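What follows is calculated from the coordinates using simple rules that are stated; it is not laboratory data. No experiment lies behind these values; they were computed from the predicted model shown. When we count neighbours, we look across all protein chains shown, and the Cβ atoms used for this are built from the backbone with ideal geometry, even at glycine.
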Amino acid sequence: MDIALDLGTNNTRICIENEGKVIDMPSVISYDKTTNEILAFGDEAYQMLGRTSNRVDVVFPLDSSVIAQSGLVEELVNIFLGEVCKSRVVMPRVLACIPGEITEVEKRAIVNAISSFGVRRVLLLESAKAAAFGCNKDIMSPHGTMLVNIGGGSVDIAVMTLGGVSVGKTLKIAGNAMDEEIIKYARRQHNLVIGKSMAQKCKEAIGTVMYEENDRTYRLKGRDAVRGLPKAVEVTSSEIMEVIFDIAKNIAISISDVLEETPPELLADIHTDGITITGGLSNLRGMKEMVETATDIKVEVAKKPEDCVVNGLYKAIDYIDEAESQKNSLNPLMTVY
Ligand SMILES: Nc1ncnc2c1ncn2[C@@H]1O[C@H](COP(=O)(O)OP(=O)(O)OP(=O)(O)O)[C@@H](O)[C@H]1O
Ligand SMILES: [Mg+2]
């Protein structure tokens with residue numbers, strides 16, 4: 001059995017051979033702090049976010065797409081793989097994604113977390129390559145393709161050709177950083193203390209990084225920072241734009257930085273084909289336009305952008321046998337462990 005695993009900072013998505021996507025849940029786990037017993041995971045644990053007692057903690061154990069709290073990541077991976085792999089007669093092969101820029105230690109931590117489930121083989125593929133597969137880009141030919149995956153914890157920018165990454169960059173500031181800015185803004189401007197999921201919902205509902213004629217509003221609910229009582233404040237899309245704009249701008253500038261380092265032949269291909277953006281944050285209003293302005297190249301938001309990475313991993317399952325047999329070849333498509 002082969003499993004495609006997109007263990008994201010915010011969401012985990014899993015596809016299994018012959019069935020397609022079987023899991024799409026927040027990468028979150030809740031546990032009892034006194035006994036260390038795991039209480040819930042995924043959607044159920046997400047409901048507990050910000051609603052816990054002093055005994056229960058709810059955490060997103062992955063931070064910036066690399067392993068922040070390794071024990072809990074291991075637990076989470078084991079729960080998710082256990083959900084999709086009920087029969088333990090055949091050990092599965094797991095193909096997972098990793099950020100483009102990652103240290104050997106971080107990579108090893110991911111491999112160890114997956115291996116702890118008892119797998120036959122772990123294979124790793126960079127997120128940008130996976131996303132490119134997921135939106136049917138031909139990255140194996142001698143032709144330049146630029147793809148940017150913009151998620152919750154990281155942004156992966158890559159120019160690919162011949163199955164490899166020619167120029168790439170990983171940023172650790174993405175959707176979650178915007179949520180943090182919204183939390184700080186509510187506190188500073190409105191004396192309102194809000195939680196992470198409220199900030200995220202607000203960004204998804206009215207967030208924008210381009211000027212729009214009509215302001216939209218969102219009711220932020222939380223606690224009055226001074227009186228400690230429940231409080232709600234209406235915020236507008238232009239207010240939120242000011243708060244999250246710099247982060248989006250930084251992403252767009254980083255993309256143009258990567259283009260500056262791109263060899264001219266590949267650059268010509270990208271100029272003709274355009275840039276594709278994937279990942280949840282590419283749904284943000286104005287993100288596409290901002291990248292177009294920064295690069296002067298047309299940008300396409302992939303269909304169902306948040307699913308591209310796992311769809312691509314799923315497609316890449318077809319290449320696992322080949323990768324295993326050429327374990328030591330130069331410039332391999334995926335890394336075999
Ligand atoms: N409609 C939307 N508008 C704005 N932001 C959105 C929208 N939909 C999703 N997002 C944001 O996308 C991010 C999640 O994207 P995604 O699921 O691709 O991340 P991830 O794979 O878990 O993280 P990473 O790849 O960085 O490890 C969150 O910040 C979420 O708020
Ligand atoms: Mg992701």
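Given a Förster distance of 22 Å, report the FRET efficiency between residue 136 and residue 324 from their Cβ-Cβ distance, rounded to the nearest 0.05.
Result of the calculation: an efficiency of 0.35.
In Å and whole numbers, how far do the C-alpha atoms of the range 50-151 stretch along each principal axis, longest first?
Result for the range 50-151: principal-axis Cα extents of 55, 38, 25 Å.
Starting from the coordinates of the alpha-carbon atoms of the range 160-287, obtain the Kirkwood hydrodynamic radius over all distinct pairs and give the value in Å to one decimal.
Radius from the Kirkwood sum: 16.5 Å.
If you add up the charges near residue 237, with Lys and Arg at +1 and Asp and Glu at -1, over every other residue whose beta carbon is less than 14 angstrom from its beta carbon, what do you get?
Counting the neighbours of residue 237, the net charge comes to -2.
So if I place +1 on the C-beta of Lys and Arg and -1 on the C-beta of Asp and Glu, and nothing else carries charge, what would the dipole magnitude of the chain be about its Cα centre? I want it in debye, nearest 20.
Here the size comes out at about 1160 debye.
Just need log10 I(q)/I(0) for the chain at q = 0.09 Å⁻¹, Debye formula, equal scatterers on the alpha-carbon atoms, no solvent, rounded to two decimals.
-0.50
Under a 5 Å amide H to amide H cut-off, with H placed in plane at 1.01 Å, what residues pair with residue 286 once short-range neighbours are removed?
209
Relative contact order for the chain: what percent, with Cα pairs under 8 Å and sequence separation of 6 or more?
18
Could you tally the net charge around residue 204, taking each other residue with its Cβ under 13 Å from the Cβ of residue 204, Lys/Arg +1 and Asp/Glu -1?
Result for the neighbourhood of residue 204: +3.
Out of residues 5 or more away from residue 39 or on other chains, whose amide H comes under 5 Å of its own, with H placed 1.01 Å from N in the peptide plane?
Those qualifying (amide H under 5 Å, at least 5 residues apart or on another chain) are 30, 31, 32.
Enumerate the amide H contacts of residue 101 below 5 Å, restricted to partners 5 or more residues apart or on another chain; note that Pro and chain-start residues carry no placed amide H.
170
Can you work out the PRE-style zone for residue 257? Point 7 Å along Cα to Cβ, and I want the residues of the range 162-200 with backbone N under 18 Å.
In the range 162-200, the label zone of residue 257 (backbone N under 18 Å from the point 7 Å along Cα→Cβ) covers 166-175, 177-178.
In nanometres, what is the gap between the two model label sites at residue 108 and residue 187, each 7 Å from Cα along Cα-to-Cβ?
3.6
Cross-link candidates for residue 304: which lysines have Cα within less than 28 Å, leaving aside residues fewer than 8 places away along the same chain?
Straight-distance partners of residue 304: 21, 107, 129, 137, 169, 172, 196, 201, 203, 249, 288, 315.
Anything in the chain that counts as a DSSP H helix reaching 24 Å or more along its axis (C-alpha) with Kyte-Doolittle mean of at least 0.5? List them, would you?
Those that clear 24 Å and a mean of 0.5 are 237-260.
Would you kindly state how much longer the chain becomes between residue 54 and residue 115 on full extension, computed as 0.36 nm times their sequence separation minus their alpha carbon distance, in nm to one decimal?
The span from residue 54 to residue 115 would gain 18.7 nm if fully extended.
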